[in-house]
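Worksheet: one structure, shown below.
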Amino acid sequence: MNILEVDKLTKRYGSEVAVSNLSFSLEEGTSTALIGPNGAGKTTTLSILAGLLKQTSGTADWKNHSGIGFLPQHPQLFPWLTALEFLEMAARLSGIAAREARSRSIETLQFVGLGSALNKKTGTFSGGMKQRLGLAQAIVHRPKLLLLDEPVSALDPTGRREIMNLLKSLQHDTTILYSTHILNDAEEMTDQVLFLRRGQLVEQGSLEEVKARYAEPNIRIRFQDVRSAAHFVEQHNWNARVEGTSVLLPLGEAGPRMEEVLSVLSKDATAVSGIERQQATLEEIFLKVAGAE
Amino acid sequence: MDQTTLVLLLLPIIAIQLGLMIFTLVDLVKNPNPNGPKWLWAILIVFVNILGPILYLVIGRRNY
Amino acid sequence: MTQFNVLLKKEWRENFRNYKVFWIPIVFILFGIIEPVTNYFMPQILDSVGNLPDGAVIEIPPPEPEEILVAVMGQYQLIGILVLVLAYMGSVAGERKNGTATLLYVRPLSYRSYFLSKWILASAVGMLSVWSGLLAAYYYTFLLFERVDFTKFLKFGATYSLWILLIVSLVLLMSAVLPNAGLAAAGSLLLIFVFQLIDGLLGTYWTVSPLKIPGYAAQWLLDGPKPEDFWWTAGIGILLIFAMILAGIRSSKANASKTKV
């Protein structure tokens, strides 16, 4: 079931188009990465979905209006409030009754690893702690849909790892839409990817789909040593490239068919230590998509 | 009028001004991130009567 | 109602922990004391400062105690208003500008509770300041000069309180309308002083205007304003406060999308 349907969403500032004709949907319980360079319209998109901005045209329909949690890229907290006071306020403003708000706030702070900083003023918090409290306020009312704007990009590697693990533990109970430009993170926690460039959706689909679409028809053949690799390339006029002890070989239009290669290799199988299909990484796909005019 | 009455009259004024100044200075020292250089605020607070501390509290303090 | 209570608690914590609850009244008290004391020492001050020839005697009649209270109000008209404007200029605009409002606005927020909670706290601090300051002035005037009729004083204070509530409402409205705290302060001060100037120059042509509230407050200390003029003026003042609160609620909501994300 789709929890969110976005149709032809457009946001203009005067003559400048921030987001143009965006259409996608989020299936319940899945995670979607919104990928794009800075200025692609990721924050604008998330702000509209969070109800902070009004779109110029198009619709964004979600099943459960109150059930949204939003984490801005740099969550700004009231420095004179303690973590617990802040989170309790957030929970109560989201409609949770007083007593439950308190117990749930404590629970959530422990979940995000701030259990020992309950009564510390947020003005004294480090960037990582602020991000954790930001995440806590986004999930304290147990929303169905979680919108996260660059949830880990401001953190150091350790902090990034920890927050990613927290997000992964929420992954299946909550529908998550998050923006990122760090593609390793996206690859880790994604059912669907949306590539955004200059406000337009240039590619979308499940991670497998997109990868398959951009998968290079390449194979990598590993040889026992450099000499056999070089020998293989010399023997055939196949546009192959030596990379150390392995050979990168384009198939299809640019090269031979797979069966041809296999039959050639089977004649001297002892020199070969492995054959694998090249998987395109999101990073490569992204560069391709972003580079295409 | 004798000296004691004079002192008694002026005492609250001096006490409030001094109190405001000391309170603001302590706050400035503890402030991790004031809006502007600390030494400049210190000078303003000590030498610009009343207005120095007020300006620090509304502009310089940044509500930490 | 729940949201209102929650937000009121937040505003209280902000005003308490940023010491606004303490230092703003203290500034008002300070100016309330300074005025009678300097008046008391005026002969000595003039004597020591003025380079008069030896033997010259200055005869200044001691001021009426009512004049001193009016002079205190004059101080508040400048410094008091400036302090209140500076202290509350960022109430809404500052939260939007620094992005703290974002985490409130993403929730199903009641903007009525949001704006009213700010108005109540700012007004309470304004009232605390005016009354503690005026009472200090009253007490010192009593000690150093003569006693002012307390009923007259209460009428004076109550009328001036209405003026301060107008100022507080205006600052909060400007803060909700304008994009940042500095502009909100500039806008408020400009409006206050321009309108006062107009009323000062042309005010003789009318008797009912919210800008005459401080003037009528002062008149309570003497024979009192003409009841009809006073009550119409006060009524319009109260209506204006309501109107500014409503406009403030509306602009807080309308400008919510300008919060920094």
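Just so you know, all these numbers are worked out from the coordinates, no wet-lab data involved. Everything numeric in this text was worked out from a predicted model, so none of it was measured. As a convention, Cβ positions derive from the backbone with ideal geometry for all residues, glycine included, and neighbour counts pool all protein chains shown.
Average the reciprocal distances over every distinct pair of alpha-carbons in the range C:58-118, invert the result, and give the Kirkwood radius in Å. Present the calculation step by step, with values, prior to reporting the outcome.
Working: mean 1/r = 0.0660 Å⁻¹.
Roughly 15.2 Å, rounded to one decimal.
Could you work out the Kirkwood radius for the range A:217-277, taking every pair of different alpha carbons, averaging 1/r and inverting it, reported in Å?
Details: mean 1/r = 0.0888 Å⁻¹.
The answer is 11.3 Å.
List the trypsin sites (Lys or Arg not before Pro) in the range C:205-261 that DSSP assigns to loop (not H, G, I, E or B) and whose Cβ has at most 14 other Cβ atoms within 10 Å. Which are they?
Working: sites: C:Lys212, C:Arg250, C:Lys253, C:Lys258, C:Lys260; in loops: C:Lys260.
Within the range C:205-261, the qualifying trypsin sites (Lys or Arg not before Pro) (loop, at most 14 other Cβ atoms within 10 Å) are C:Lys260.
Counting C-alpha atoms alone, how compact is chain C: give Rg to one decimal and Dmax as a whole number, in angstrom.
20.9, 77
Between C:Phe22 and C:Met1, what length comes free when the chain is fully extended (0.36 nm per residue of separation minus the Cα-Cα distance, one decimal in nm)?
Numbers: separation 21, 0.36 × 21 = 7.56 nm, distance 2.77 nm.
Gain on extension, C:Phe22 to C:Met1, equals 4.8 nm.
Where Rh denotes the Kirkwood radius from the mean inverse Cα pair distance, what is Rg over Rh for chain A? Don't skip to the end; give the middle numbers.
Details: Rg = 24.1 Å, Rh = 21.7 Å.
So for chain A, dividing Rg by the Kirkwood Rh gives 1.11.
Once a ≥ b ≥ c are taken as the square roots of the eigenvalues of the Cα gyration tensor of the range B:3-60, is the result rounded (a/c under 1.5), prolate (a/b larger than b/c) or oblate (a/b not larger than b/c)? Before the final figure, lay out each step's value.
Working: a/c = 3.31, a/b = 2.79, b/c = 1.19.
Since a/c reaches 1.5 and a/b is larger than b/c, the shape of the range B:3-60 is classed as prolate.
Could you run the Karplus curve 6.51 cos²θ - 1.76 cosθ + 1.60 with θ = phi - 60° over the range A:235-247 and give me ³J(HN,Hα) per residue in whole Hz, x for Gly and Pro?
Per residue, the Karplus-derived 3J(HN,Hα) values read 5, 10, 8, 10, 6, 7, 10, 8, 10, x, 8, 10, 10 Hz.
Counting other C-beta atoms within 10 Å, which of B:Ile59, B:Ile45 has the fewest, and how do the rest follow? Each step should come with its number before you reach the end.
Details: B:Ile59 15, B:Ile45 25.
The fewest-first ordering by Cβ neighbours comes to B:Ile59, B:Ile45.
Using r as the Cβ-Cβ distance of C:Lys9 and C:Arg147, and R0 as 60 Å, what FRET efficiency do you calculate, to the nearest 0.05?
0.90
Test of the criteria: in the range A:13-118, which GluC sites (Glu not before Pro) are in a DSSP loop and have at most 12 other Cβ atoms within 10 angstrom of their Cβ?
Those that pass, being in a loop and sparsely packed, number zero.
Around A:Glu187, under 10 Å between beta carbons, what's the net of Lys plus Arg minus Asp minus Glu among the other residues? Each step should come with its number before you reach the end.
Values: positive: A:Lys211; negative: A:Asp185, A:Glu188, A:Glu283.
Once all neighbours under 10 Å are counted, the net charge is -2.
Which residue fluctuates most in the GNM of chain C (Cα springs below 10 Å): C:Trp163, C:Trp131, C:Trp23?
Residue with maximal mean-square fluctuation among C:Trp163, C:Trp131, C:Trp23: C:Trp23.
Filter the DSSP H helices in chain C by two things, a Kyte-Doolittle mean of at least 0.5 and an axial alpha-carbon span of 15 angstrom or more, and list the hits by number. Mind showing how you got there, number by number?
On the way: long enough: C:2-17 (22 Å, -1.16); C:20-40 (30 Å, 1.42); C:65-75 (16 Å, 0.72); C:111-144 (49 Å, 0.94); C:150-177 (40 Å, 1.71); C:181-202 (31 Å, 1.98); C:227-254 (40 Å, 0.94).
Membrane-span-like by this criterion, though nothing is claimed about a membrane: C:20-40, C:65-75, C:111-144, C:150-177, C:181-202, C:227-254.
At q = 0.11 Å⁻¹, work out log10 I(q)/I(0) for the range C:100-184 with the Debye formula, treating every Cα as an identical point scatterer and leaving solvent out; two decimals please.
For the range C:100-184 at q = 0.11 Å⁻¹, log10 I(q)/I(0) is -0.46.
Which longest uninterrupted range of chain C lacks any GluC sites (Glu not before Pro) assigned by DSSP to a loop state (not H, G, I, E or B) and surrounded by at most 12 other Cβ atoms within 10 Å? Please list the in-between numbers first.
Values: sites that count: C:Glu59, C:Glu146.
With a cap of 12 other Cβ atoms within 10 Å, the longest stretch comes to C:147-261.
Tell me the relative contact order for chain A as a rounded percent, counting alpha carbon contacts under 8 Å between residues six or more apart. Intermediate values should be presented prior to the final figure.
On the way: 535 pairs, mean separation 59.5, N = 293.
Rounded, it is 20 percent for chain A.
Suppose every K and R has +1 on its Cβ and every D and E has -1 on its Cβ; what is the size of the dipole of the range C:122-261 about the Cα centre, in Debye to the nearest 20? All intermediate terms of the calculation are to be shown ahead of the outcome.
Numbers: 9 positive and 6 negative charges, 122 e Å.
About 580 debye.
Among A:Gly36, A:Leu249, A:Leu109, whose Cα sits farthest toward the positive end of the charge dipole of chain A (+1 at Cβ of Lys/Arg, -1 at Cβ of Asp/Glu, about the Cα centre)?
Positive-most Cα among the choices belongs to A:Leu109.
Under unit Cβ charges (Lys, Arg +1; Asp, Glu -1), what dipole magnitude, rounded to 20 debye, does the protein assembly as shown have relative to its Cα centre? Could you put the intermediate results ahead of the total?
Details: 54 positive and 52 negative charges, 172 e Å.
It works out to roughly 820 debye.
Just from its helices, what would the mean residue ellipticity at 222 nm be for chain A, if runs of 4 or more DSSP H residues each count -39500 (n - 2.57) and the sum is divided by every residue, rounded to the nearest 500 deg cm²/dmol?
Details: 10 runs with 104 residues, N = 293.
My calculation for chain A gives -10500 deg cm²/dmol from helical runs alone.
Just want the answer: with Cβ charges of +1 for Lys and Arg and -1 for Asp and Glu, which residue in C:Tyr114, C:Leu197, C:Ala185 is farthest toward the dipole's positive end in chain C?
Value computed over the given set: C:Tyr114.
Would you work out if the protein assembly as shown is rounded, prolate or oblate? Take a ≥ b ≥ c from the square roots of the eigenvalues of the alpha-carbon gyration tensor; rounded if a/c is under 1.5, else prolate when a/b is larger than b/c, oblate otherwise. Intermediate values should be presented prior to the final figure.
Working: a/c = 3.32, a/b = 2.67, b/c = 1.25.
Verdict is prolate for the protein assembly as shown.
When only alpha-carbon atoms count, how far does the range C:136-228 stretch along each of its three principal axes, as whole angstroms with the largest first?
48, 33, 20
Near A:Lys54, which lysines are there with a Cα under 22 Å away, not counting those fewer than 8 places off in the same chain?
Excluding near neighbours in sequence, the set is A:Lys8, A:Lys11, A:Lys42, A:Lys63, A:Lys144, C:Lys97, C:Lys253, C:Lys258, C:Lys260.
According to a simple spin-label model (label point 7 Å from Cα along Cα-to-Cβ), what is the distance in nm between B:Ala15 and A:Ala60?
5.8
If the only charges are +1 at each Lys and Arg Cβ and -1 at each Asp and Glu Cβ, what is the size of the charge dipole of the range C:2-258 around the Cα centre, to the nearest 20 debye?
2000
Would you list the P(r) distribution for the range A:59-155, with all Cα-Cα distances sorted into 10 Å bins from 0 and each bin expressed as a whole %?
Histogramming the range A:59-155 at 10 Å steps yields 17, 50, 28, 5, 0 percent.
If I take every Cα pair under 8 Å that is 6 or more residues apart in chain B, average their sequence separation and divide by the length, what percent do I get for the relative contact order?
Values: 44 pairs, mean separation 21.9, N = 64.
Here the relative contact order equals 34 percent.
Relative contact order for chain C: what percent, with Cα pairs under 8 Å and sequence separation of 6 or more? Don't skip to the answer; put the middle values down first.
Details: 298 pairs, mean separation 77.4, N = 261.
Computed value for chain C: 30 percent relative contact order.
Under a Cβ-Cβ cut-off of 15 Å, what is the net charge of the residues other than C:Ala217 that fall near it, where Lys and Arg count +1 and Asp and Glu count -1? Numbers along the way, then the final one.
Details: positive: C:Lys152, C:Lys155, C:Lys212, C:Lys226; negative: C:Glu66, C:Glu67, C:Asp149, C:Asp199, C:Asp223, C:Asp229.
It works out to a net charge of -2.
Name the residue from C:Met244, C:Leu134, C:Ala217 whose Cα lies farthest towards the positive end of the charge dipole of the range C:2-258, charges +1 on Cβ of Lys and Arg and -1 on Cβ of Asp and Glu.
C:Met244
How large is ³J(HN,Hα) for each residue in the range A:111-128, as worked out from phi by the Karplus curve 6.51 cos²θ - 1.76 cosθ + 1.60 (θ = phi - 60°), to whole Hz, x for Gly and Pro?
4, 8, x, 10, x, 8, 10, 3, 9, 8, 5, 5, x, 9, 6, 7, x, x
Counting partner chain Cβ atoms within 10 Å of every residue's Cβ in C:24-37, what's the average? Could the numbers behind the result be given before it?
Numbers: counts 3, 0, 7, 7, 0, 3, 6, 1, 0, 5, 5, 0, 1, 5.
Average neighbour count from other chains, rounded to a whole number: 3.
Run through the range A:1-98 and list the trypsin sites (Lys or Arg not before Pro) located in a DSSP loop whose Cβ has at most 14 other Cβ atoms within 10 Å.
Numbers: sites: A:Lys8, A:Lys11, A:Arg12, A:Lys42, A:Lys54, A:Lys63, A:Arg92; in loops: A:Lys54, A:Lys63.
Those that pass, being in a loop and sparsely packed, are A:Lys54, A:Lys63.
Report, for the protein assembly as shown, the % of DSSP beta bridges that are antiparallel, rounded to 5. List each step's numbers first, then the result.
Details: 33 of 51 bridges.
Once the DSSP bridges in the protein assembly as shown are tallied, antiparallel ones form about 65 percent.
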